[in-house]
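Colleague: Below is one structure. I have some questions about it.
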Amino acid sequence: MPYRRRRCPARGPRRRRARRQTSDGRRRSGPELALQTSLALRTSSDSLECSRGRCPRIESIRGTSSTNDAIFALDRDRRIRFWNEGATDLFGYAPHDIVGEPVDLLLANDRVEEINGLLDRVMKPERLGQFETTMRTKTGMSIPVSVRFSPIRDASGAVVGSSAVLRDVVARKHEEISLRRRSAELERSNAELEQFAQVIAHDLQEPLRTMKGFADLIEKDAGDALDEHTVALLDRIVQGANRMQELVADLLDYARAGTQQIPSDVVSCEEVLASALADLGAAISERDVVVSHDELPLVRGDRVTLTEVFENLIGNAMKFHGRELPVIHVGAERRGPDWCLWVRDNGIGIGSRFEERIFEPFRRLHTRDEYSGTGIGLAICRKIVERHGGRIWMESEPDKGSTFFFTLPTA
């Protein structure tokens, strides 16, 4: 008979038993296997996760390290079991060169006793703060680093190893020096900008005054000899010069709002509001405006510029009113570390598509015939609030009034 190959019954794929073995050939013990499992990590945006779901919490890593930090983890024998990209950048070792090796490779000769003592304390476990020391790179060079050691626990809560988060002290100090240098350059630039704005404002104001002066002289000298058309042209010259002077003054105010140093004084918003209402007193009485307010808080900032914020917001609420008399309310509530204040009115309101545009310099939604002004007030408010570390925004609907919110640091 011809030979026929016998077919074996169908079976599933053979599974190879995972070897409980370390990278250096040693067989793993129970606690060491738990550590190895907890350190089989992949990097995500804000956490370290196991290849099979969420790992036990690595206390020093979650929420305390940045993407540039060097991070490694040790087992009980102080062999390296996890090594991230930041550690490679700092020390020069690739993961396949260092994982499984003792941590002594990274220790400067004069710091071995110090760091081993700290690792002993971590395994007890003790809570250690951040400290500065010297460690050794692959090339043998000593580098100053800032280190924080923390315990690693398994699922039962037992300490099975330790983690280290490190930062290059030299790089950090260079960053601090660079930051101070940029800050000084920014202050110098702001001072130059303010000086430039003042010079420009002065140079523009002078010819405007000349234009207005000559127009007045022509009108006075000619007297009744001028016809109506010529008088109207002279009036337009004067109005144009007045409008330009107003724009120049507002431009200078806007430049100053962005360059002035903001003091960190304790300021009473009750007193600031009272000052703003006093400045607006004539307009409030003339238009029968009703202004009410809640109890207002103490904040940190500059009394003068905050008064300007209230003046601009309340002045706008009076200007952009509907058929009803203006009713304005000022309120405040605590939101985390800041106070949120608001100015609410019953005016004409604004469509949602304009909620950002109205804070742009010289942005107007209406013609000058409808409402006066240059459109700089809200831009100045934003500058001042942001210089205080806060933000400003608006909620509004057409014909239903507007509410302007802004935040300030609490005193």
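Colleague: Quick check: pseudo-label points 7 Å beyond the Cα along Cα→Cβ at residue 243 and residue 220, how many nm apart are they?
Modeller: It is 2.6 nm.
Colleague: Can you give me the C-alpha center-to-center distance between region 82-136 and region 265-286, rounded to a whole angstrom?
Modeller: Comparing the Cα centres of region 82-136 and region 265-286, I get a distance of 61 Å.
Colleague: Where nothing but the Cβ of Lys and Arg (+1) and of Asp and Glu (-1) is charged, how large is the charge dipole of region 262-411 around its Cα centre, in debye to the nearest 20?
Modeller: Numbers: 18 positive and 24 negative charges, 98 e Å.
Rounded to the nearest 20 debye, it is 480 debye.
Colleague: How far apart, in nm, are the 7 Å Cα→Cβ label points at residue 76 and residue 178?
Modeller: The modelled label-to-label distance comes out at 4.4 nm.
Colleague: Non-local amide H neighbours of residue 152 (under 5 Å, H modeled in plane, Pro and chain starts lacking H): which ones?
Modeller: Result for residue 152 returns 160, 161, 162, 163.
Laboratory data are not the source of any read-out in this text; all were calculated from the coordinates shown. Quick caveat, the model's predicted, so the values are computed rather than measured. Every residue, glycine among them, receives a Cβ derived from its backbone with ideal geometry; neighbour counts consider all protein chains shown.
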